[in-house]
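All remarks here apply to the structure that follows.
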Amino acid sequence: MSSTQQYLLDAYRARSLGEPVPPAPGTHDGRAVRQWRGERRLRDVLGRWRRRPT
């Protein structure tokens, strides 16, 4: 089953139960990539700071 088919099934179930519909596949991809990049940059900075000679 593809992600689109799973989404359509989940949306149908949510509507029939009166629950909120889940976000469509790919809706938050950009946000997830930005968050991942930010965490990676923070780890890089902390790693350089910890290896800094005293």
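Return the distance in nm (one decimal) between the two label points of a simple spin-label model at Leu46 and Val21, each offset 7 Å from Cα along Cα→Cβ.
3.9
What do you get for the angle between helix 29-51 and the principal long axis of the chain? Use alpha-carbon atoms, 0 to 90 degrees, nearest ten.
Helix 29-51 sits at roughly 20 degrees to that axis.
To the nearest whole percent, what portion of all C-alpha pairs in the chain is separated by more than 19 angstrom? Each step should come with its number before you reach the end.
On the way: 796 of 1431 pairs.
Pairs farther apart than 19 Å: 56 percent.
Specify which residue in the list Val33, Leu46, Gly18 is farthest towards the positive end of the charge dipole of the chain, using unit charges on the beta carbon of Lys, Arg (+1) and Asp, Glu (-1), about the Cα centre.
Leu46
Bear in mind these aren't lab numbers, they're just calculated from the coordinates by the rules spelled out. No experiment lies behind these values; they were computed from the predicted model shown. Don't worry about glycine lacking a Cβ; one is built from the backbone with ideal geometry, like all the others, and counts go over all protein chains shown.
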